[in-house]
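**Student:** I am attaching a structure below and will ask some questions about it afterwards.
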Amino acid sequence: MMCEKCGESQATVHYTEIINGHKSEVHLCEKCAGEKEVGSHFSINHLLAGLLDNQIDGNMKIDYVEPQKCKVCGMTYNRFKETGKLGCSECYSTFNDRLNSLYKRIHGHDVHVGKIPIKSGKSMKVKKDIEKLQLELKEAIENEEFENAAILRDKIKKLEKNIKE
Amino acid sequence: MKWLDGEGSDKDIVVSSRIRLARNIRDIKFPQELNNEMAEEIKNKVNNSVIADERNNDVFKYYDLKDINSTEQRVLVEKHLISPGLLQNSQIGGFLIRKDEKVTVMINEEDHIRMQVIYPGLNLEACWEEADKLDDIIEANTEYAFDEKIGYLTACPTNIGTGMRASVMLHLPSLVLTKQINGIFQAVSQIGLTVRGLYGEGSNAKGNLFQISNQITLGESEKDIMNKLKNIVQQLINNERQAREKIYKFNKIKIEDKIYRSLGILKNARIMNSEESMELLSDIKLGIEMNIIRNIGRKTINKLIIKTQPANVQSKYNKDLNPNERDIKRAEIIRKELDI
Ligand SMILES: [Zn+2]
Ligand SMILES: [Zn+2]
């Protein structure tokens, strides 16, 4: 069996992953298994069990990391895995890296294409405008167009003020 | 309840269409993690933002779950006006209902806000139009949790993106009778839709009533989701109609016998459990759609299906009934309603 992640090497680490009540078999090569974060998705038990099953003495690094907590609600990723529910909207940014792969598995997609709310959507548009102006500003400074840069700087300030209000 | 009126497009098969939107307020803990004080604040905030718009002023009424006894709570669930999930949060939950009972806004269910719009017949667009408008009204007075990349943020990642669940309730007795139903549902589940019974689960749905809904909420627009669902529902409607025609053509006397026997039992039985009543009422409903029974209305049967649910029977007699007493009362309710 080939590794699910890279598809290049023989899969030697096998384990069962349960996320959100959904059980799935995972098969990885040593290298890809080692790259998986320990203490979250991939528990040390899984790792060891996988190794023992295959009688392999891999030279994997096991770094124990303090579980990350959401700063608004205190949720940890492990607790989310147990309940399937996040604690608040901030959890989505806190656990962004780990949730990202989950979206694809649940929905088959990972980017929203539907309705955009009027208010939150508006500030989203302004933020995008600011980003664009900042790029222009950088360019203007590089080209030593200082008059233009001053105008751009004013525009950015104005938009930023808009968002705060 | 307007959604039981037996009106609308494809009413011979489609009972109702529903759109549900899940929304949350930014940077406030989801209901699961909420303390009572904050829960009260959310209730007030959502309640006020709905009625802040003068179009909603007199037409919505707010109820706190704490003020409703457990039988009445279950009655509301059986009527599909609120979800079973809201009852799990009965200490912190509340809801707004519009006068015509087509629109409900649940507060502190799994998400801070769950609004639903139900219409009779196949009419997802009308549901969406109303839900979309109501959504804008609520957003005008709240700060939604929304992410540029993954859309509306919900307590469970299975609802992110649009936060929308579109569902259609279908009466498919002939597909069950001709044993085509399991194969069809397997196919349906493979394209990201789920099937549930009106009250039961999967293909064991009582009364041959099935709810089909989308599972995917991220990466497909509201229109895409509705079109996909509608497309499948249309195919199911065609299949059911074909099966009905075949049955009528080749087994007319048999189906008439089945339907009239069921009617006979419903009109005369003295003890009736809910499973049996659902089964027999489904036969009568089919009889009406096949034009075999002409003196009973579609609306009567739709309403009777709800009126004979356990909490509804309990509530009508306003005292604690044991299951036996309930079965006797259920038979009474049915006889009275079908006494033509
Ligand atoms: Zn690999
Ligand atoms: Zn959080």
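**Student:** To the nearest 20 debye, what charge dipole does the stretch A:89-165 have about its Cα centre, counting +1 at the Cβ of each Lys and Arg and -1 at the Cβ of each Asp and Glu?
**Tutor:** Values: 17 positive and 14 negative charges, 136 e Å.
Roughly 660 debye, rounded to the nearest 20.
**Student:** Ok, one more. Taking every pair of alpha-carbon atoms in the stretch B:2-240, what share in percent sits in each 5 Å bin, from 0 to the bin with the longest distance?
**Tutor:** Whole-percent P(r) values from 0 Å outward: 1, 7, 14, 18, 19, 17, 12, 7, 4, 1, 0.
**Student:** Quick one: Debye curve from the alpha-carbon atoms of the stretch A:121-164 only, equal weights, vacuum; give me log10 I(q)/I(0) at q = 0.14, 0.34 Å⁻¹ to two decimals.
**Tutor:** Each listed q maps to, in turn, -0.31, -1.13.
**Student:** Along the positive direction of the dipole of chain B (beta-carbon charges: Lys, Arg +1; Asp, Glu -1; about the Cα centre), which of B:I288, B:Q32, B:L263 reaches farthest?
**Tutor:** The residue sitting most towards the positive pole is B:L263.
**Student:** Taking the square root of 5 times each eigenvalue of the Cα gyration tensor, what semi-axes in Å does the equivalent ellipsoid of the stretch B:1-127 have, largest first?
**Tutor:** Values: eigenvalues 138, 49, 36 Å².
The three semi-axes for the stretch B:1-127 are 26, 16, 13 Å.
**Student:** Moving to a separate point now. Among B:G219, B:T178, B:N44, pick out the residue whose Cα is farthest towards the positive end of the charge dipole of the stretch B:2-240, where Lys and Arg carry +1 and Asp and Glu carry -1 on C-beta, about the Cα centre.
**Tutor:** About the Cα centre, the residue reaching furthest to the positive side is B:T178.
**Student:** Calculate the dipole size of the protein assembly as shown relative to its Cα centre from +1 charges on Lys and Arg beta carbons and -1 charges on Asp and Glu beta carbons; express the result in debye to the nearest 20.
**Tutor:** Details: 77 positive and 76 negative charges, 453 e Å.
That gives the protein assembly as shown a dipole magnitude of about 2180 debye.
**Student:** When the gyration tensor of the stretch A:69-135 is built from Cα positions, what are the square roots of 5 times its three eigenvalues, in whole Å, from largest to smallest?
**Tutor:** Values: eigenvalues 147, 51, 29 Å².
Output for the stretch A:69-135: semi-axes of 27, 16, 12 Å.
**Student:** When the C-alpha atoms of the stretch B:208-340 are aligned to their principal axes, what extent does each axis show, in angstrom, from largest down?
**Tutor:** So the extents along the principal axes, rounded to whole Å, are 50, 41, 20.
**Student:** Along the principal axes of its C-alpha atoms, what lengths does the stretch B:264-326 span, in descending order and rounded to whole Å?
**Tutor:** 39, 19, 16
**Student:** While we're on this one: Can you give the average number of partner chain beta-carbon atoms within 10 Å of each beta-carbon in peptide A:76-88, as a whole number? Don't skip to the answer; put the middle values down first.
**Tutor:** On the way: counts 0, 0, 0, 0, 2, 0, 0, 3, 4, 11, 11, 6, 13.
Mean inter-chain Cβ contacts per residue within 10 Å come to 4.
**Student:** Hey, another quick one. Run the numbers on the stretch A:114-163: which residues show a drop of 30 Å² or more in accessible area, chain on its own versus all protein chains together, using a 1.4 Å probe over heavy atoms?
**Tutor:** Residues shielded by partner chains are A:K115, A:P117, A:I118, A:K119, A:S120, A:M124.
**Student:** Over the protein assembly as shown, what percent of the accessible surface lies on carbon and sulfur atoms, probe 1.4 Å?
**Tutor:** Here carbon and sulfur together make up 47 percent of the probe-accessible area.
**Student:** Just counting partner chain Cβ atoms within 10 Å, what average do the residues of peptide A:96-103 show around their Cβ? If you can, show how the numbers build up before the last one.
**Tutor:** Numbers: counts 3, 0, 0, 3, 2, 0, 2, 8.
Going residue by residue through A:96-103 and averaging, the value is 2.
**Student:** Could you state the number of Å between the C-alpha centres of the stretch A:112-165 and the stretch B:262-318?
**Tutor:** Going from one Cα centre to the other spans 63 Å.
**Student:** Provide, for the stretch B:40-165, the number of lysine pairs with alpha carbons under 25 Å apart, each pair being eight or more places apart or on different chains.
**Tutor:** Close lysine pairs under the 25 Å cut-off: 24.
**Student:** Just to be sure I understand the curve: with the Debye formula and one point per C-alpha of the protein assembly as shown, what is log10 I(q)/I(0) at q = 0.06, 0.10 Å⁻¹?
**Tutor:** -0.38, -0.92
The values are calculated or read from the model by the stated rules, or taken from the named source; none is laboratory data. Being a predicted model, the structure only gives us computed values, none of them experimental. Because the Cβ atoms are built from the backbone with ideal geometry, glycine has one as well, and the counts that use them run over all protein chains shown. Side chains are part of the model used for accessible areas, which takes the heavy atoms of the whole protein and leaves out ligands, DNA and RNA. Shrake-Rupley method; radii C 1.70, N 1.55, O 1.52, S 1.80 Å.
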